Amino acid sequence: MQVISGQIEAPLLVSSALEVRGTVAGSVTVQSGADFVLRGVCRGNVRIAYGGRAQLWGVVEGDVVNEGGTVSIWGIVEGVVHGTRATSHVSSDSLVRGGVRE
């Protein structure tokens, strides 16, 4: 898995295995077959395509849109977690300000 630290410009398209330790300055799209780990802040939305996987540790300032992938959230989502046709796990210690919607 590739690891990137610091400030990352966005939009960020994840097509393989990637861990970000820092801040993504906008939205992230996780493609099918890709693995994304966020240990920091995303200043936009995180979209997980069908077959994509994401672990979100930290803060997502937008929405999390799961379009058929797998996402686990341990942290804060300022927006809404959309879990259409998907597997979404939100830790009991997490805070989702906008709520969870299917």
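The values are calculated or read from the model by the stated rules, or taken from the named source; none is laboratory data. Note that the coordinates shown come from a computational prediction; the quantities given were computed from them, not determined experimentally. Glycine also receives a Cβ, built like all others from the backbone with ideal geometry; neighbour counts cover every protein chain displayed.
Observations on the structure shown:
- Among residues of segment 79-98, those that are under 21 Å from residue 26 (Cα atoms) and surrounded by fewer than 15 Cβ atoms within 10 Å (Cβ to Cβ), counted: 3
- Here 33, 68, 62 are screened, and the one residue that is free of Cβ contacts under 8 Å to residues at least 24 places away in the same chain and out of contact with any Phe, Trp or Tyr (no Cβ under 7 Å at 6 or more places or on another chain) is 33.
- Exactly one residue out of 72, 88, 92 is farther than 16 Å from residue 1 by Cα, within 9 Å of the chain's Cα centre (by Cα), at pLDDT below 95 and not β-branched (Val, Ile, Thr): that is 72.
- Scope segment 1-32; condition outside any strand (DSSP E or B) and either surrounded by 15 or more Cβ atoms within 10 Å (Cβ to Cβ) or in contact with a Cys (Cβ under 9 Å, 6 or more places away or on another chain) (or both); matching residues: 10, 25, 26, 27, 31
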